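Data block below; observations after.
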Amino acid sequence: MKFMHLSDLHIGKRVNEFSMIEDQTYILQKILELADEEKPDALLIAGDVYDKNLPTVEGVNLLDDFLSGLHKRNIPVFMISGNHDSADRLNFASRILRNNEVYIAGTYQGEIAHFTLKDGHGPVNIYLLPFVKPAIASVYHEGIESYHDAVKAILGAAKINKAERNILVAHQFVTAGDTSPECCDSENISVGGLDNVDASVFDDFDYVALGHLHGPQRIGRDTVRYAGSPLKYSFSETNQKKSLTMVTINSKEEIKQEYIPLLPLRDMRQLKGPIDEVLNPKNYRNGNTMDYIHATLTDEEEIYDAIGRIRSIYPNVMRIDFDNSKTKPNDTAKLVAEDVIRKDPLSLFEEFYKNQNNVPMSEEQNDIMKRLLFE
């Protein structure tokens, strides 16, 4: 049996005030085309379907188009809510949609959702665990003090038949994942790891389809995996290779994974250097100038209309920073009260200028200040 594993669609997301809906429409269409090629038996969506509790109209329409495309291809969908979703809104019409093989677990209500598919090797059980907090789990289970306790209690109550093949779709922060800023800056990770879930709670499952972290990665074993987001949603993700995870399960001992690259309509890139280098045709001739850009300019002199000049080549520039001697931290000693009394105004201003800009005043600037102070 063959599964597509997706997560963290974040439909309707805006990055630096740029709407990603066109990029999301493009990548979801590519996923439908991959479905035509791969012919999966089902699609798993591990949470953060939308980016906000109250999704946009265009976001709702896009998800509707995507699910309709999967239905036309007779591909069942197993979908859970994530921490960005409104669980109740995602749950809307779930019982009706189930008749069309769209299985949604938006909320946890005391028992984990469980569905079964069958192939030549027998049943494959698919368990859907939406994002759950300790407060939610404690309504139905005792002794819940942490996220780990919550997930452990819920899965323990499920009474998994380990003789059969079992898949779990979950959206949690699982210990052993890459939680560095390069991985998941666009996700909120609790300080001190308060939302950690240890991967050992998943031992009864043959494959765990995780969502929450945007960098594709395994957790402990190859069959506990974050699919990652299909698009880059932060400049911390620029070095990530986005992919679609294909999982083929034959017997319990025979599980194969394949990672199919997902190429976006517009990439997210970081450029650094003097503005003349950034705008040099030889440096962008072979690249996509429509990409989303974070430019860091290293020029020492002031640049007139830097954003306008960069936007003339890269219309989707999202952010500009400066990295030069003026922006570097200055560790020189601050002026003390007796310096103010002892020194003349020009000397004080010269020190102030140097402390602020990390460079001394030029001769021309010095002359201007002398004239101003004299007047």
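Side notes on the structure shown:
- Over the chain: helical MRE at 222 nm, DSSP H runs n ≥ 4 each giving -39500 (n - 2.57), nearest 500: -8000 deg cm²/dmol
- Fraction of beta bridges assigned by DSSP in the stretch 60-185 that are antiparallel (%, nearest 5): 40 percent
- Computed accessible area, T327, all protein chains, 1.4 angstrom probe, square angstrom: 70 Å²
- Average Cα contact separation per residue, the stretch 1-111, under 8 Å, 6 or more apart, as relative contact order %: 28 percent
- Tail fraction, Cα-Cα pairs, the chain, threshold 33 Å, whole percent: 43 percent
- The mean sequence separation of alpha-carbon pairs under 8 Å and at least six residues apart, normalised by the residue count of the chain, gives a relative contact order of 13 percent.
- Taking amide H atoms as placed 1.01 Å from N in the peptide plane, the amide H of F173 lies under 5 Å from those of V197, each 5 or more residues away in sequence or on another chain.
- Heavy-atom accessible area, probed at 1.4 angstrom with all protein chains present, ranks T296, T116, T245 as T116, T296, T245, highest first.
- Applying the criteria of a DSSP loop state and at most 14 other Cβ atoms within 10 Å to the trypsin sites (Lys or Arg not before Pro) of the stretch 68-123 yields R73.
- Within the shell of other residues whose beta carbon sits under 11 angstrom from the beta carbon of D119, the net charge comes to +2, with Lys and Arg scored +1 and Asp and Glu -1.
- Residues in the stretch 215-229 carry Karplus couplings, in order, of x, x, 6, 8, 10, x, 10, 4, 8, 10, 9, 8, 6, x, 6 Hz; the curve used is 6.51 cos²θ - 1.76 cosθ + 1.60 with θ = phi - 60°, and Gly or Pro positions show x.
- Accessible area in square angstrom per residue, the stretch 281-321, 1.4 angstrom probe: 58 Å²
- Karplus-derived 3J(HN,Hα) values for the stretch 351-358, using 6.51 cos²θ - 1.76 cosθ + 1.60 with θ = phi - 60°, are 5, 4, 4, 5, 5, 6, 10, 6 Hz; glycine and proline are entered as x.
- Largest-first ordering by accessible area, 1.4 Å probe, given options Y50, Y26, Y207: Y26, Y50, Y207
- Per residue, the accessible area of the stretch 16-147 comes to 51 Å² when a 1.4 Å probe rolls over the protein heavy atoms.
- Ligands, DNA and RNA aside, Y292 has an accessible area near 10 Å² when probed at 1.4 Å.
- Secondary structure note: in the chain, about 35% of the DSSP beta bridges are antiparallel.
- Under the combined filter of DSSP loop state and at most 14 neighbouring Cβ atoms within 10 Å, the stretch 215-300 retains these trypsin sites (Lys or Arg not before Pro): K241, K252, R285.
- Carbon-plus-sulfur accessible fraction, the chain (probe radius 1.4 Å, protein heavy atoms only): 50%.
The values are calculated or read from the model by the stated rules, or taken from the named source; none is laboratory data. Just so it is clear, the model here is predicted, and its values are computed rather than measured. For neighbour counting, all protein chains shown are included, and Cβ atoms are generated from backbone atoms with ideal geometry for every residue, glycine included. Please note that ligands, DNA and RNA were not included when accessible areas were found on the heavy atoms of the full protein model with its side chains. Shrake-Rupley method; radii C 1.70, N 1.55, O 1.52, S 1.80 Å.
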